[in-house]
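Data block below; observations after.
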Amino acid sequence: MASDCWSLPETLCRFPAMEAKTLRLMRKTIDDGFRDIVRSWADTIDAATVPLQMFLNALERAFAGSPWVLVLAVLLAAVWATSRSWKIVLGTAIALCLIGWVGLWQDTMVTLAMVSFCTVVAVIIGLPIGIAAARSDRLQRIVSPVLDVMQTLPSFVYLIPVVVIFGIGKVPGMIAVVIYAVPPMIRLTNLGIRLVDREVTEAAEAFGSSARQKLWNVQLPLALPTIMTGVNQTIMMSLSMVVVASMVGVGGLGKNVLQAINNQFFTVGFLNGFALVAIAIVFDRSSQAFGLRLQKHREAGHD
Amino acid sequence: MTEATPILPVEDDDEAVTGRSGIEIRNLYKIFGPEPERYIAAVKAGLTKTDLNRKHGHVLGLTDISLSIPPGRITVIMGLSGSGKSTLIRHINGLIAPTTGEVIHDGADVCRMTPAELRDFRRHKTAMVFQKFALLPHRTVLENTCYGLDIQGVPRRDSEPVARHWIVRVGLKGYEGSYPSQLSGGMQQRVGLARALANDADILLMDEAFSALDPLIRLDMQAILLELQSELHKTIVFITHDLDEALRLGDRIAILRDGRLEQVGTGQDIVLRPANDYIAAFVREVNRARVIRAATVARPVAAGEELPQFSVPGTEVLETVARHMTTAGVNHARVLGRQGQLRGTIAISDVLTAMVTPATAPAGPLAKG
Ligand SMILES: Nc1ncnc2c1ncn2[C@@H]1O[C@H](COP(=O)(O)OP(=O)(O)O)[C@@H](O)[C@H]1O
Ligand SMILES: [Mg+2]
């Protein structure tokens, strides 16, 4: 209205947006085009997702379907192997038993299966990209803004194309989680390698290392503490993302939380939330203890 | 008398070590920056380091370096911080490529090698010791010493005995299983030395290898290096910013200033005949008694002159000669060459004069040099 416009002309007052018709047309073209592309590739996409889907189902069955004593024993052994700390193993045992006691064993195992697998995938994707980015300044200049977008874009937004392409289910959920969890892995691998003492990499070169020898003998071992921080963060991001991913059909604790929100089940919501926190703490402590153990001999390594 | 000929120089029967190739550095220029080729012509025509930096944003690292590094000797490259020492030594194993110029070893130009040839050259012909040791923190002393051989693909079964041998030689027996962080700086650099020696390379590059060590430890390391060298006869390029270290270790010394070679010669040459005021200022405070050798000060024997009984080796530095002569209570001595031949005579007064005469005022026997 002219009265709100301090008597300015209309174009300087209300932002001259494009016509509603144009916008609608644009939206329609892009959405339909995208959908058409997806439809024409449907067979290929199915061929790629079906085996993954089957694998995820099998993994979930292995975690949630096996006798709980067996799973608990394996989990505790894994925690011991990474942390070598009785305290952390004991804490894990207590946390898991409490979770089982409040009836969340199955759901927790489903979540655990998902998070473990997503973390492995994120590390497998993130590590080589991080290494490549550390080697080439050009690649780093391309990768880092992409990572910035991946981390700032609200996760709900990129769920949309994922769902359009892959539909609803575990696979799109996994993809969403991996997209969300992979940036710290890439970033910290890149950073860790770039921070390796220049004189030590120079020594590797002076003794005639090939690029591969330099990577395996020097860069990765010396960057390992930083890379482990990346793994740790990746795990944490996966855990927080499985809740969001439950919106596209991932089961487990996240789904319970989602239902609790919809139905205002206060107690259920908190129990599931605490179960997630418990898993997060277990993962965090074990991976940090592992990282520390790797650094045992290096306190005075560089000054 | 066979020794009527001029007496200098004393120590350089260099060609005793023959059949091996040294390193020939020829007309080396290095400009740091995005477009070094663009300015090389201007630099060759005399564009200064300051102007290159201010007007074109490039750094002039080295200017027209030609230096021949003899095999089996220790060549010291000396200069203040930022004078281009590290840049120069890194050209020898191709860690830095020159803007123009050549580094010839065994008939091959290191600067023209393919990456594979260069790797091979580094693995088998050179080894390097670093200022801050550059050890691998996650490897034990033994594993660090094996490092060069690991890279060559030598199995541990064969490399371990070699590594153990060198660990003993540098005085670290018993520390094979320790990690670098558990060792003092001096001990870490011994590991650095053992790692380089285990490579069995002819060329040993040492970039300020002892500069990070405490003075006493540094003297120790210098002694170890000299002792090993007396039996290994490697071609050593040793970098330092410390003149005393240069004089102690160097068979030849090259002085760098702002990327240019100011003077190349033996320690005596540099102390007795500094090429310019810069070097004269550099060597002014040097303890000459520890640098100048008896043969340098010896006077030729005149025909029919009566020879003193007491004798000293010509390679001995004046400090030692003075001690010997005063202990023996003599004023005159014969000076003998390496094979025990007569090289001249020396008087205690000559010794004292040489010890205190400033380099800029040549007098007495020194004038003959
Ligand atoms: N990579 C580089 N880029 C730009 N300038 C460099 C680089 N490396 C060395 N320099 C410059 O070259 C000069 C010589 O450096 P350096 O060889 O490290 O000296 P030194 O070892 O004698 O202290 C210095 O002015 C230094 O700033
Ligand atoms: Mg240096």
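Below is a table of values for the structure above.
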quantity: Interchain or long-range residues, amide H under 5 Å from B:V76's placed H; calculated: B:F238, B:D251, B:R252, B:I253, B:A254
quantity: Whole-percent pair-distance distribution, where bins are 10 Å wide, for the alpha carbons of chain A; calculated: 6, 21, 27, 22, 14, 7, 3, 1
quantity: Rg [Å, one decimal], Dmax [Å, integer] - chain B, C-alpha atoms; calculated: 22.9, 71
quantity: Kyte-Doolittle at least -0.5, axis length at least 20 Å by Cα - qualifying DSSP helices, chain A; calculated: A:42-65, A:68-83, A:86-101, A:105-135, A:137-152, A:170-194, A:220-245, A:266-294
quantity: Relative packing of peptides A:262-275, B:227-240 - highest average C-beta neighbours within 10 Å first; calculated: B:227-240, A:262-275
quantity: From the C-alpha gyration tensor of the stretch A:74-187, square roots of 5λ in Å; calculated: 32, 21, 10
quantity: Per the protein assembly as shown, cysteines lacking a partner by the 4.7 Å Cβ criterion; calculated: A:C97, A:C118, B:C111, B:C146
quantity: Whole-angstrom Cα spans of the protein assembly as shown along principal axes, big to small; calculated: 122, 73, 48
quantity: Reduced Cα scattering model of the stretch A:35-137, Debye log10 I(q)/I(0), q = 0.12, 0.18 Å⁻¹; calculated: -0.62, -0.97
quantity: Scattering profile of the stretch B:69-283 at q = 0.09, 0.11, 0.18 Å⁻¹ [log10 I(q)/I(0), Debye over alpha-carbon scatterers]; calculated: -0.36, -0.54, -1.34
quantity: Cα-projected label distance for A:T44 with A:A20, points at 7 Å along beta-carbon direction, nm; calculated: 3.9 nm
quantity: Computed over the stretch B:288-356: relative contact order in percent, which uses C-alpha pairs under 8 Å that are six or more apart; calculated: 41 percent
quantity: Part-to-part distance (alpha-carbon centres) for the stretch B:231-279 and the stretch A:227-297, which is given in Å; calculated: 64 Å
quantity: For the stretch B:151-234: rounded, prolate or oblate by the Cα gyration tensor [a/c cutoff 1.5]; calculated: oblate
quantity: Label-zone membership for the stretch A:202-236, site A:V277, 7 angstrom Cα→C-beta point, backbone N under 18 Å; calculated: A:236
quantity: Prolate/oblate/rounded call for the stretch B:291-337, Cα gyration tensor, a/c under 1.5 rounded; calculated: oblate
quantity: Difference of contour (0.36 nm per residue) and Cα-Cα distance, A:A58 to A:L139; calculated: 25.5 nm
quantity: Relative contact order, percent, the stretch A:50-297 [alpha-carbon distance under 8 Å, six or more residues apart]; calculated: 27 percent
quantity: For B:126-134, mean number of other protein chain Cβ atoms within 10 Å; calculated: 5
quantity: A:Q259/A:V120 FRET efficiency (R0 30 Å; Cβ-Cβ; nearest 0.05); calculated: 0.60
quantity: Between the stretch B:296-356 and the stretch B:54-90, the Cα center-to-center distance that results, in Å; calculated: 38 Å
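No lab work stands behind these numbers, since they all come straight from the coordinates. What you are looking at is a predicted structure, and each value in this text was computed from that prediction instead of being measured. All Cβ positions, glycine included, derive from the backbone under ideal geometry; neighbour counts span all protein chains shown.
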